[in-house]
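Each remark here refers to the structure printed beneath this line.
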Amino acid sequence: MAEISDAIAMIKKAEADAEQLIVDSEAQSKDLIAESQLKAEEIISEAKLAAEEEAKKTVFDAEDKAKNEALSIAEESKIEVKSLKDKSMANVDEAASIIVKNIL
């Protein structure tokens, strides 16, 4: 009888150990899930920040490029205006000279 009693006690202890193992596993699983969710949120947040910074950088680069192009176009325009003005002034001198010759 003692052997049966010992066997029953061992079975009950094994059942209790198994139940405790299930409880511990569930708690550990919940902890791992919570930790994974926090890490996922952190990774997503960092990715969003990186994407925002990259977008800002892209916009600033595009603005700088546009400003440089505008400055280049403005400089070319100044050169062309000066060239046209110089040609016009040469023609004015020649026209004035012709007018003076015709009047005299």
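Some observations on this one:
- Dipole axis of the chain (+1 Lys, Arg; -1 Asp, Glu on Cβ), positive-most option in Ile98, Ala74, Gln37: Ile98
- Lysine pairs meeting the criterion (Cα under 28 Å, 8 or more apart or interchain), as found in the chain: 22
- Solvent-free Debye calculation, one equal scatterer per alpha-carbon of the range 43-104: log10 I(q)/I(0) at 0.19, 0.22, 0.25, 0.27 Å⁻¹ equals -0.80, -0.88, -0.95, -0.99.
- Derived scalar couplings between HN and Hα for the range 84-90 equal 5, 5, 4, 5, 5, 5, 5 Hz in order, rounded to whole Hz, by the Karplus curve 6.51 cos²θ - 1.76 cosθ + 1.60 (θ = phi - 60°), x for Gly and Pro.
- Accessible carbon and sulfur surface of the chain relative to its total accessible area, %, 1.4 Å: 63 percent
- Summing Cβ point charges (Lys, Arg +1; Asp, Glu -1) relative to the Cα centre of the chain gives a dipole of roughly 1260 debye.
- Adding -39500 (n - 2.57) for every DSSP H run of four residues or longer, then dividing by how many residues the chain holds, sets the calculated 222 nm ellipticity at -38000 deg cm²/dmol.
- Length added when fully stretched, Ser29-Asp86, from 0.36 nm per residue minus Cα-Cα: 12.1 nm
- Accessible area per residue for the chain, computed on protein heavy atoms with a 1.4 Å probe, is 93 Å².
- Answer label for log10 I(q)/I(0) by the Debye sum over Cα atoms at q = 0.13, 0.21 Å⁻¹ (calculated), chosen among (1) -0.57, -1.13; (2) -0.44, -1.11; (3) -0.84, -1.07: (3)
- Among Glu63, Glu15, Glu35, residue whose mean-square fluctuation peaks in a GNM of the chain (springs only between Cα atoms under 10 Å): Glu15
The values are calculated or read from the model by the stated rules, or taken from the named source; none is laboratory data. The structure displayed is predicted, hence computed values, not measured ones. Cβ atoms come from the backbone with ideal geometry, glycine included; neighbour counts cover every protein chain shown. For the accessible areas, the whole protein counts, side chains as well, though only heavy atoms, and no ligand, DNA or RNA atoms are used. Shrake-Rupley method; radii C 1.70, N 1.55, O 1.52, S 1.80 Å.
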